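The values are calculated or read from the model by the stated rules, or taken from the named source; none is laboratory data. Predicted model only: the values in this text are computed from it and were never measured. Here the Cβ positions follow ideal geometry from the backbone for every residue, glycine too, while neighbour counts run over all protein chains shown. These accessible areas exclude ligands, DNA and RNA; they are computed on the full protein's heavy atoms, side chains included. Shrake-Rupley method; radii C 1.70, N 1.55, O 1.52, S 1.80 Å.
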Amino acid sequence: MTAPLDRRFILCLLVCVVLALLLGFGALRYQEQQQLLSQQQTQAERNRQELLALRVDLQTLLSAESSQLAQLDLQARQLAEQAQQLALYRQVMASDSGAELLLTHEDITPLAETGLFTYRLVLLQPTQTNKRITGQARVKVRALQAGVSVLFSDDTLGVTPVTLDFRHFQVLTGQLQLPEDSQAQTLELQLDLDGKAPRTLSLNWPKPENT
């Protein structure tokens, strides 16, 4: 009876050793997998941080580029305005028309709304003098309406009077609304100047294909 018991004991012992080995191997594999997972998580977090840093750098570059483009655009507009002013000064200095004041238009542009226009006018003193021009200007438009010549006042056009105060030139800008079924012919500027008799300057309204 002793031999079968010894064989069972030895068999159980072997089974226990195998189980112990399997458990130990499993625990070792689990630890290795945990370490590998931890490394992968660490690397993933490092990659995420690097990606965020790259995004921040990219946003900084884009912001700097946008700022530089805005500055260039502003400088271009300033240069254009300076060129216009220089041209006006040259016109003032070179003019020999003998007129005390001249009216020119740089732009009369129709807007989307029917009859609505923006305008940019220049009132010049084409004489080489430092005498200031002061007073008030009112914009009017002479137009055809139902075949009849009509002079629309600034109140009708929705334009407020402009205070004048300049030596060489003054730029007048704004919007005006022509009444329905009217065709503009001339733009007139009524001047009420300090110490001078009232006067009116006019210029031809641009043709539709040129507005």
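Among the residues that make up the range 143-152, is at least one of them of a type in the set (Phe, Trp, Tyr), over 22 Å from Thr109 (Cβ atoms) and surrounded by 11 or more Cβ atoms within 10 Å (Cβ to Cβ)?
Let us first name the residues in the range 143-152 that are of a type in the set (Phe, Trp, Tyr), namely 152.
Cutting the leftovers down to over 22 Å from Thr109 (Cβ atoms) gives us none.
Among the residues of the range 143-152, not one is of a type in the set (Phe, Trp, Tyr), over 22 Å from Thr109 (Cβ atoms) and surrounded by 11 or more Cβ atoms within 10 Å (Cβ to Cβ), which makes the answer no.
Out of Gly135, Gly147, report the one residue that is touching a residue at least 24 places away in the same chain (Cβ under 8 Å) and either farther than 19 Å from Lys196 by Cβ or more than 29 Å from the chain's Cα centre (by Cα) (or both). Reasoning before the result, please.
On the way: Gly147 fails: touching a residue at least 24 places away in the same chain (Cβ under 8 Å).
It is Gly135.
Are there any strands (runs of 3 or more DSSP E) wholly within the range 98-211 with 3 or more residues that are in contact with a Leu (Cβ under 8 Å, 6 or more places away or on another chain), and if so which? Reasoning before the result, please.
On the way: elements: 102-110, 116-124, 133-145, 148-152, 162-166, 169-177, 182-193, 199-204.
Passing ranges, in order: 102-110, 116-124, 133-145, 162-166, 169-177, 182-193, 199-204.
Considering each of Ala112, Ala83 in turn, give the residue that is modelled with pLDDT of 85 or more and open to solvent by 50 Å² or more (accessible area, probe 1.4 Å). Even if it seems obvious, please write down each step before you answer.
Values: Ala83 fails: modelled with pLDDT of 85 or more.
Answer to the selection: Ala112.
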